[in-house]
Amino acid sequence: MKKILSILLALCMIFATVQCVFAADGESDEIIIDSSWTILIPETYSQQESYAIDTLQGKLHDVLGYYLPHSKTAAEKFIAIDIDYDGMADIKDNGYVIKADGNKVYINGTGVRGTLYGVNRFLEEFCGYKVYTSKLTVLPKTDCVSVPADTNIVYAPFFEYTETDWRSPRDWNYSVANGLTGGAYRRMPAYMGGTVNYLGGLCHTFTSTFCNADKYFDSHPEYFAFRNGERIKDQLCLTNPDTLEVVKSEVLDLLKAEHDPSASLQIVSLTQADNYNYCECENCKAFEKAHGGVQSATMINFVNQVADAVKNAGYDNVGIDTFAYQYTRKAPKGIAPRDNMIVRLCTIECCFSHALDDPKCKENVELMKDLDDWSKICNRIYVWDYTTNYAHTCCLFPDFGVIQKNIQIFYEHNVKGVYEEGNYYIEECDTEFGELRAYMLSKCMQNPYCDLDKEIDGFLEAYYGKGGKYIRNILDICTENAGDKSGHLKIYQDSKDNLHLKAYQIAQIDKYWESAKHFAQNDTQLKNIERSEISWRYWKASGNRGEFSLINPKRFDELEKLYADVVASGTKRLSEGQEWGDYLDCGLIRYAKPDDWKFYEVDEFGTKELNNLGKIWEAATKVLTAFGGFYKLFRAVQSINPKIVDPEYS
């Protein structure tokens, strides 16, 4: 048997070599890169180009099993890195061109990231290189690399700023491969192109980073918001000239300390604290009344003056950022942001089962009007978007159907930067599809018009194994039935309202999970499946569906199993609202729904008494359900539903 296997392996290698030789010698639409090629490099090169060269050489070694030498002297066959090439003048900053020309392939980039992005695109396009997570990279081995002879790829970044906060996007290599540029959750070194960094904080900087309430309120309460007849610490008074001078001075001091003149862009955020306690003093109310009756008027006027000071100080690569968020979301009239200002529009009130331009969603219609209004007066709009249920983050959140469409909408409305906020506390709460969603978001920000279905299928196979196709079926059903009974999906809602499914659909999805687990090829894939399945079980438990049905007396055991699996997954908190350090410690596991676990700590008053009542209810349930007879009958009837497809294994 060993001899037969050796012969077969040798034949395969010979066949592959013959293919390469014939393709190289004969007429072909393909260029074949093999050991006869070199990497042509410039006489002098930047640290970013040096890293790009090393990346290309190293990854090709991993693919081919041998190094292509690099040289400053042109050979007959080469891959050229940033060698003079016509047509680059029109390529946007951090873009690239990949072009085949005879036995030559050129990779040319612009800005500090373009060349490295071009190298990664070459590896992805022609070598199958995929960075699906920080721990899962696909790079198939082969004897030669085939490049179509007519290759002419031209890429310009769709956004100047792209950011998301899930786990893998914090990894440097992942970020480079998938085009993430923001510096809030990663600070990549200069040789990797660096990042676009917010100096002084990403958000909610008023009363904290700038004009700090603890520092100024006692001595200068007039700097702060006036409400209900008194000054409060929660927001600033934006028409007080002294408040303005304090913030101007603090911003300029920050730039003196942290400004990087070589960066493509740095940003300072001047944004309201996260509450609705805006100033209602006479001056603020009068200014707002004169500019459309909206609170954004005083904000834009205030930040404009800081932006002018920054520009006059010579900081040409600095953007001054503010929010269009909650009470500042609507655009003012008669006043416009300065050219060096960024307005970040936030989608917190929106529905995420329908695309933002869907006329059926009132909240989305209003958001789109605000986006249109801002686009008329501001040439640098960013969007802060949301991608999980912050009230019940362990639960499945089926927003997969709108991710690409919404990012396309942003681009088509001249948005320059996108931050896709997700489960930023994922290290303490990871029981869903975080890695998949992160990859989808990254790819769509890199190219809103990518073949997302292909990207999803590739990820599912690599991450979940051969059973990934069943996970795809689950996602499709959940996406089609996302939201509450009216079909709306919000980022702060009861977990049972994340989906609306019929009993047969629940049974079908259960079968798909079992099929996916059956086809797992190793422990890692199985753990990935089981981790994501927790979010499905959490949804069922929150609505007394499936095995958590009220007519199933074993549901109490199922709740205990679910809790044990949540804890085993490393989850310590279930929602954003749970205080840091207030970790999951439930004393009412068997008798409370998962949504309420965080409210019943072991030693909390009343928990013991509720447990005693739960035991009585559990005993009564056995009798009332005929010791599970009703549930067994229900499942038997359900199993003959022709809409339930049997799994593909016996």
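Values as computed for the structure displayed
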read-out: Verdict on Glu76 being outside any strand (DSSP E or B) and touching a Lys or Arg at 6+ places or on another chain (Cβ under 7 Å); value: no
read-out: Count of the stretch 556-594 residues which are under 26 Å from Gly628 (Cβ atoms), out of contact with any Pro (no Cβ under 9 Å at 6 or more places or on another chain) and of a type in the set (Val, Ile, Thr); value: 1
read-out: Matching option when the condition is surrounded by 18 or more Cβ atoms within 10 Å (Cβ to Cβ) and among the small types (Gly, Ala, Ser), among Gly401, Gly334; value: Gly401
read-out: Set Arg231, Arg187: member being outside any helix (DSSP H, G or I), without any contact (Cβ under 8 Å) to a residue 40 or more places away in the chain and under 27 Å from the mean Cα position of the chain (by Cα); value: Arg187
read-out: Condition met for His259 (touching a residue at least 40 places away in the same chain (Cβ under 8 Å), closer than 30 Å to Ser46 by Cβ and surrounded by fewer than 23 Cβ atoms within 10 Å (Cβ to Cβ)); value: yes
read-out: Answer from Val147, Val154 - the residue that is open to solvent by less than 20 Å² (accessible area, probe 1.4 Å), of a type in the set (A, V, I, L, M, F, W, C) and closer than 21 Å to Lys99 by Cα; value: Val147
read-out: Residues (over 23 Å from Ile31 (Cα atoms) and open to solvent by 40 Å² or more (accessible area, probe 1.4 Å)) located in the stretch 113-135; value: Ser134, Lys135
read-out: Residue list for the stretch 87-112, filter: under 27 Å from Asp260 (Cβ atoms) and assigned to a loop (DSSP other than H, G, I, E, B); value: Ile91, Lys92, Asp93, Asn94, Gly95, Thr110, Gly111, Val112
read-out: Neighbours by Cβ (under 6 Å, 6+ apart or cross-chain): first from the stretch 596-614, within 25 Å of Asp494 (Cα to Cα); second among the aromatic types (Phe, Trp, Tyr); value: Thr607/Tyr600; Gly614/Tyr591
read-out: Subset of the stretch 311-331 that is among the charged types (D, E, K, R) and open to solvent by less than 30 Å² (accessible area, probe 1.4 Å) - its residue that is nearest to Gly111 (Cα to Cα); value: Asp321
read-out: Lys233 being among the basic types (Lys, Arg) and either within 24 Å of Ile381 (Cα to Cα) or buried (at least 17 other Cβ atoms within 10 Å of the Cβ) (or both); value: yes
read-out: Single unsatisfied condition, Ala297 versus (1) open to solvent by 20 Å² or more (accessible area, probe 1.4 Å); (2) closer than 19 Å to Leu345 by Cβ; (3) within 35 Å of the chain's Cα centre (by Cα); (4) free of Cβ contacts under 8 Å to residues at least 60 places away in the same chain; value: (1)
read-out: Qualifying positions in the stretch 404-423 - of a type outside the set (Ser, Thr, Tyr) and open to solvent by 10 Å² or more (accessible area, probe 1.4 Å); value: Gln404, Lys405, Gln408, Glu412, His413, Asn414, Lys416, Glu421
read-out: Residue check, Ala100 over 27 Å from Gly194 (Cβ atoms), aliphatic (A, V, I, L, M), touching a residue at least 12 places away in the same chain (Cβ under 8 Å) and open to solvent by 40 Å² or more (accessible area, probe 1.4 Å); value: no
read-out: Number of positions in the stretch 546-577 that are under 27 Å from the mean Cα position of the chain (by Cα), open to solvent by 30 Å² or more (accessible area, probe 1.4 Å) and within 27 Å of Tyr504 (Cβ to Cβ); value: 1
read-out: Leading residue by the ranking (surrounded by the most Cβ atoms within 10 Å (Cβ to Cβ)) among those in the stretch 354-366 that are under 17 Å from Ile407 (Cβ atoms) and free of Cβ contacts under 8 Å to residues at least 24 places away in the same chain; value: Asn364
read-out: Close pairs from the stretch 490-503: first within 28 Å of Ile644 (Cα to Cα), partner at pLDDT 95 or above and in a strand (DSSP E or B), Cβ under 7 Å, at least 6 apart; value: Leu499/Ala482
read-out: Close pairs (8 angstrom Cβ cut-off, 6 or more residues apart or separate chains): free of Cβ contacts under 8 Å to residues at least 60 places away in the same chain in the stretch 60-74, of a type in the set (A, V, I, L, M) and assigned to a loop (DSSP other than H, G, I, E, B) anywhere; value: His61/Leu68; His70/Ile41; Ser71/Ile41; Lys72/Ile41
read-out: Which numbered condition Trp374 fails, given (1) crowded, with 21+ Cβ neighbours inside 10 Å; (2) in a loop (DSSP other than H, G, I, E, B); (3) not basic (Lys, Arg); value: (2)
read-out: Yes/no for Leu270 being touching a residue at least 60 places away in the same chain (Cβ under 8 Å), within 19 Å of Met299 (Cβ to Cβ), of a type in the set (A, V, I, L, M, F, W, C) and touching a strand residue (DSSP E or B) at 6+ places or on another chain (Cβ under 8 Å); value: yes
read-out: Subset of the stretch 543-587 [within 18 Å of Ser532 (Cα to Cα) and β-branched (Val, Ile, Thr)]; value: Val566, Val567, Thr571
read-out: Within the stretch 64-97, considering residues that are under 25 Å from Cys450 (Cβ atoms) and in contact with a Leu (Cβ under 8 Å, 6 or more places away or on another chain), the one surrounded by the fewest Cβ atoms within 10 Å (Cβ to Cβ); value: Ile81
read-out: Which listed residue is in contact with a helix residue (DSSP H, G or I) (Cβ under 9 Å, 6 or more places away or on another chain) and of a type in the set (A, V, I, L, M), from Ala541, Ala564, Ala568; value: Ala541
read-out: Qualifying residue in the stretch 433-449 (condition: among the aliphatic types (A, V, I, L, M) and over 30 Å from Leu139 (Cβ atoms)); value: no
read-out: Search result, residues across the stretch 578-621 that are open to solvent by less than 60 Å² (accessible area, probe 1.4 Å), farther than 24 Å from Arg545 by Cα and assigned to a helix (DSSP H, G or I); value: Thr607
read-out: Scan of the stretch 333-361 for residues that are within 15 Å of Asn379 (Cα to Cα) and part of a loop (DSSP other than H, G, I, E, B), ordered by number; value: Ile335, Ala336, Pro337, Arg338, Asp339, Asn340
read-out: Failed criterion for Asp84 (all others in (1) in contact with a strand residue (DSSP E or B) (Cβ under 9 Å, 6 or more places away or on another chain); (2) not in a loop (DSSP other than H, G, I, E, B) hold); value: (2)
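The values are calculated or read from the model by the stated rules, or taken from the named source; none is laboratory data. Just so it is clear, the model here is predicted, and its values are computed rather than measured. Note: ideal-geometry Cβ built from the backbone for every residue, glycine included; neighbour counts use all protein chains shown. Just so you know, the surface numbers come from the protein's heavy atoms only, side chains and all, with ligands and any DNA or RNA stripped out. Shrake-Rupley method; radii C 1.70, N 1.55, O 1.52, S 1.80 Å.
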